[in-house]
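Data block below; observations after.
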Amino acid sequence: MTGGGSGGHITPILSLAHELKKVDPGCQLVYIGHKGDKFDSLKQSSELFDFTAYVNGGKFRRYYGESLLAHLFDVKTILLNARDIFRVFGATAKSLKILRRIKPHVVFSKGGFVVVPVCLAARMLRIPVVTHDSDAVPGLANRIVGRWAVVRAVGIPKGNDSRSLESVVYTGIPIDSHIKKVDSAAEAGFKRELGLPVDSSVLLVGGAGNGSSKLNNLAVAIAPDLLGSFDKLQILHLTGLKHQAEMERRYEAGLSEEAADRVSVLGLVPDFYKYSGAADVIISRAGATVLAEFAAQAKACVIIPSPFLAAGHQLKNAEELSRHQAAVVLSEEIKSDELTGIIGELLGDPARRTELGDNFHKLAVPDAAERLANLILRVAHGERPTTN
């Protein structure tokens with residue numbers, strides 16, 4: 001199993017690894033990740049893997065929405081990309097050494113730049129490759145290695161995008177097995193577990209693994225009016241570790257002591273599903289994995305996709321939600337007073353929240369991890385699964 005670079009790659013790998021061990025307890029799992037990844041969840045779940053290794057893979061940096069002229073004069077990015085071409089060669093050599101030693105029956109690629117050298121090595125050794133893309137638009141790394149993959153699993157039905165090759169199989173997105181549809185009793189239970197009043201309304205701002213400066217700024221701007229209008233409102237703000245201290249200072253400076261006591265600023269949390277499970281309304285970016293978790297929980301969400309990530313995949317993900325009326329989708333250029341009004345309306349309208357949550361839940365694929373695990377095991381046993 002290989003993938004990395006963001007929580008959107010790591011979380012499905014962990015969920016899938018749990019399912020593979022459940023379906024076939026005797027299977028041997030090896031993880032090859034990118035050296036220096038900031039996500040420690042794989043290290044904390046080392047019991048899932050029989051062997052782990054890290055390679056220093058290269059990365060191709062590009063920014064969606066930038067003009068050609070901006071790319072041509074971005075000297076720093078050009079130099080970093082040139083340097084990382086050589087890193088790919090070195091990582092491929094190391095991956096060849098690892099794969100020759102462990103002799104895997106199949107390589108699973110979740111995406112992220114680290115998968116390119118690993119899957120290149122698999123190609124050289126004629127080891128079958130299975131890829132998985134969560135987003136409506138496949139990532140560059142998986143577009144590269146997908147050319148020789150025996151199966152390309154996708155998290156969104158291929159009828160909704162341009163991926164129409166015969167190798168494509170729709171599986172959905174693997175998520176933590178603890179994540180289920182949240183009813184009022186379960187929501188109250190999550191609030192108690194997090195030390196929140198059961199009768200409180202909860203606004204969660206999160207869903208970006210490294211944090212989002214834009215969402216952070218919007219959250220601070222709307223907090224005073226919302227906390228003033230809803231005296232039982234609690235705000236859970238997941239800022240990302242690098243933003244946590246700054247955001248704590250900004251809330252303290254901009255709120256009364258009573259209001260500040262109703263804001264919890266958190267950098268990075270384990271068991272994120274407990275926080276989303278406790279929420280009445282969620283403000284989030286549009287990463288596919290976190291959206292799959294919210295869909296499974298049937299949560300009312302306000303989605304503000306990032307327009308700058310490569311290939312515009314968050315914009316495409318958000319378009320899918322709009323098409324199914326599964327969330328309130330907004331531009332990140334929205335003014336804070338407009339956002340305050342939208343959030344206030346949702347907090348005061350339980351029926352609307354239920355409608356959004358139910359529409360979102362219709363998009364959930366609760367057995368995605370099982371589907372993908374069975375597909376990988378069939379390839380490992382020499383089968384070539386029928387595509388759909």
Over the stretch 220-264, the set of residues in contact with a Phe, Trp or Tyr (Cβ under 9 Å, 6 or more places away or on another chain) and part of a helix (DSSP H, G or I) is V220, A223, A259, A260
Every residue from the stretch 147-167 that is more than 18 Å from the chain's Cα centre (by Cα) and modelled with pLDDT under 90
R147, W148, K158, G159, N160, D161, S162, R163, S164, L165, E166, S167
Turns out the helices (runs of 4 or more DSSP H) fully within the stretch 115-206 with at least 2 residues that are touching a strand residue (DSSP E or B) at 6+ places or on another chain (Cβ under 6 Å) are 115-124, 140-145
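Given the criteria closer than 21 Å to E332 by Cβ and in contact (Cβ under 8 Å) with a residue 12 or more places away in the chain, does L255 qualify?
On the way: closer than 21 Å to E332 by Cβ: no; in contact (Cβ under 8 Å) with a residue 12 or more places away in the chain: yes.
For L255, the condition - closer than 21 Å to E332 by Cβ and in contact (Cβ under 8 Å) with a residue 12 or more places away in the chain - is not met.
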Pick from the stretch 309-322 the residues that are more than 15 Å from the chain's Cα centre (by Cα) and in contact (Cβ under 8 Å) with a residue 60 or more places away in the chain: which of them is surrounded by the most Cβ atoms within 10 Å (Cβ to Cβ)?
E320
If F308 meets every condition in (1) outside the structural domain of L227 (by TED's automatic domain parsing); (2) within 16 Å of S212 (Cβ to Cβ) apart from one, which number is that one?
(1)
Exactly one condition in (1) touching a Leu at 6+ places or on another chain (Cβ under 9 Å); (2) assigned by TED's automatic domain parsing to the domain that holds V302; (3) farther than 28 Å from S200 by Cβ is false for L321; which is it?
(3)
Can S284 be described as more than 19 Å from D183 (Cα to Cα), buried (at least 20 other Cβ atoms within 10 Å of the Cβ) and of a type in the set (S, T, Y)?
yes
Within the stretch 177-188, can you find the residues that are touching a helix residue (DSSP H, G or I) at 6+ places or on another chain (Cβ under 8 Å) and either of a type in the set (K, R) or surrounded by 13 or more Cβ atoms within 10 Å (Cβ to Cβ) (or both)?
S177, I179, K180, K181, V182, A186, E187
If we take the stretch 270-388, then helices (runs of 4 or more DSSP H) inside it with 1 or more residues that are under 25 Å from L236 (Cα atoms) are 272-278, 288-297, 313-323, 336-347, 350-361
Quick check: anything in the stretch 360-378 buried (at least 17 other Cβ atoms within 10 Å of the Cβ) and closer than 28 Å to L226 by Cα?
yes
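Confirm whether S306 is in contact (Cβ under 8 Å) with a residue 60 or more places away in the chain and either of a type in the set (K, R) or surrounded by fewer than 24 Cβ atoms within 10 Å (Cβ to Cβ) (or both). Outline the logic, then answer.
Numbers: in contact (Cβ under 8 Å) with a residue 60 or more places away in the chain: yes; either of a type in the set (K, R) or surrounded by fewer than 24 Cβ atoms within 10 Å (Cβ to Cβ) (or both): yes.
Answer is yes for this residue.
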Which one of G240, G206, G211 is small (G, A, S), in contact with a Leu (Cβ under 8 Å, 6 or more places away or on another chain) and buried (at least 23 other Cβ atoms within 10 Å of the Cβ)?
G206
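Is it the case that the stretch 249-267 has a residue that's of a type in the set (A, V, I, L, M) and under 14 Å from the mean Cα position of the chain (by Cα)? Outline the logic, then answer.
First, the residues of the stretch 249-267 that are of a type in the set (A, V, I, L, M): 253, 255, 259-260, 263, 265-266.
Subsequent filtering for residues that are under 14 Å from the mean Cα position of the chain (by Cα) retains none.
No, the conditions are met nowhere in the stretch 249-267.
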Going by the structure shown, is E345 in contact (Cβ under 8 Å) with a residue 12 or more places away in the chain and more than 16 Å from the chain's Cα centre (by Cα)?
no
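Does at least one position in the stretch 74-92 carry a residue that is modelled with pLDDT under 95 and assigned to a loop (DSSP other than H, G, I, E, B)?
Yes, the conditions are met somewhere in the stretch 74-92.
The values are calculated or read from the model by the stated rules, or taken from the named source; none is laboratory data. From a predicted model like this one, the values you see are computed outputs, not experimental measurements. Here Cβ is always computed from backbone atoms with ideal geometry, including for glycine, and neighbour counts include all displayed protein chains.
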